[in-house]
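The values are calculated or read from the model by the stated rules, or taken from the named source; none is laboratory data. The structure presented is a predicted model; accordingly, all values stated were derived computationally and were not measured. Cβ coordinates were reconstructed from backbone atoms using ideal geometry, including for glycine residues, and neighbour counts include every protein chain displayed. These accessible areas exclude ligands, DNA and RNA; they are computed on the full protein's heavy atoms, side chains included. Shrake-Rupley method; radii C 1.70, N 1.55, O 1.52, S 1.80 Å.
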Amino acid sequence: MIVLLDIPNYKTLSFEVCDLQPLEDLELQVRSRLAGAFSFTNTYITGRHGIGANEVLSQSALPWLSLRRRVLGGKGGFGSTLRAQGSRMKDNKPANYDNCRDLYGRRLKTLKDAKTIVEKVELDEKAREEAKERRRKKIKEGLAERPVKKYRFDDIEYEKESEKFKEAAKA
């Protein structure tokens with residue numbers, strides 16, 4: 001039986017294997033044929049699209065297999081760590097859409113700046129009007145006649161002393 005085998009970073013090779021134990025025979029032939037050019041540590045033979053090698057060998061007239069390397073895995077959990085860190089980074093970053101454009105093609109920053117300028121002008125006008133009103137009120141209060149204040153002295157000792165001085169001055 002002829003078997004085609006895809007080898008990573010190499011090419012597709014064909015092998016003639018025995019019909020009784022095709023997978024074991026194929027592994028021996030591959031190791032002998034590619035001994036110096038390829039490292040066979042952590043490799044396995046499988047069907048081209050993840051189908052088992054024995055299944056492909058039994059069902060197909062011209063089986064096509066792949067030599068694959070095992071990926072050594074760790075304990076995992078790195079994805080969840082990245083996900084958690086990504087959400088933390090997203091929370092800390094302020095949303096800045098100033099360089100985006102609206103449906104008319106204008107930058108959002110220019111629109112925001114124009115709004116702030118209009119608001120400042122309106123506030124300045126209001127502040128000027130309030131200042132004028134305060135000045136008018138002050139002038140009105142200044143021009144109004146003030147009532148004459150009457151001072152009353154209810155100090156009896158002072159009155160007695162002042163009368164003594166008046167009598168002494170007359171005499």
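Among residues of the stretch 5-30 that are more than 18 Å from Glu55 (Cα to Cα), those with a Cβ under 6 angstrom from a residue that is crowded, with 17+ Cβ neighbours inside 10 Å, sequence gap 6+ or separate chain, pair up as Ile7/Leu67; Leu13/Leu5; Gln29/Phe15. Scanning the stretch 114-171 for residues that are assigned to a helix (DSSP H, G or I) and more than 53 Å from the chain's Cα centre (by Cα) yields a count of 23.
For the stretch 103-113, the set of residues classified as in contact with an Asp or Glu (Cβ under 8 Å, 6 or more places away or on another chain) and in a helix (DSSP H, G or I) consists of Leu108, Lys109, Leu111, Lys112, listed by residue number. Filter the stretch 141-165 down to the residues that are of a type in the set (Lys, Arg) and open to solvent by less than 100 Å² (accessible area, probe 1.4 Å) and list them by number. Hits for the stretch 141-165: nothing passes. A single entry from Ser80, Ser60, Ser39 fulfils the requirement of being polar (S, T, N, Q) and modelled with pLDDT under 70: Ser39. Whether any residue in the stretch 84-105 is modelled with pLDDT under 75 and either aromatic (Phe, Trp, Tyr) or open to solvent by less than 70 Å² (accessible area, probe 1.4 Å) (or both) is what I want to check. So far as the stretch 84-105 goes, yes, one or more of its residues are modelled with pLDDT under 75 and either aromatic (Phe, Trp, Tyr) or open to solvent by less than 70 Å² (accessible area, probe 1.4 Å) (or both).
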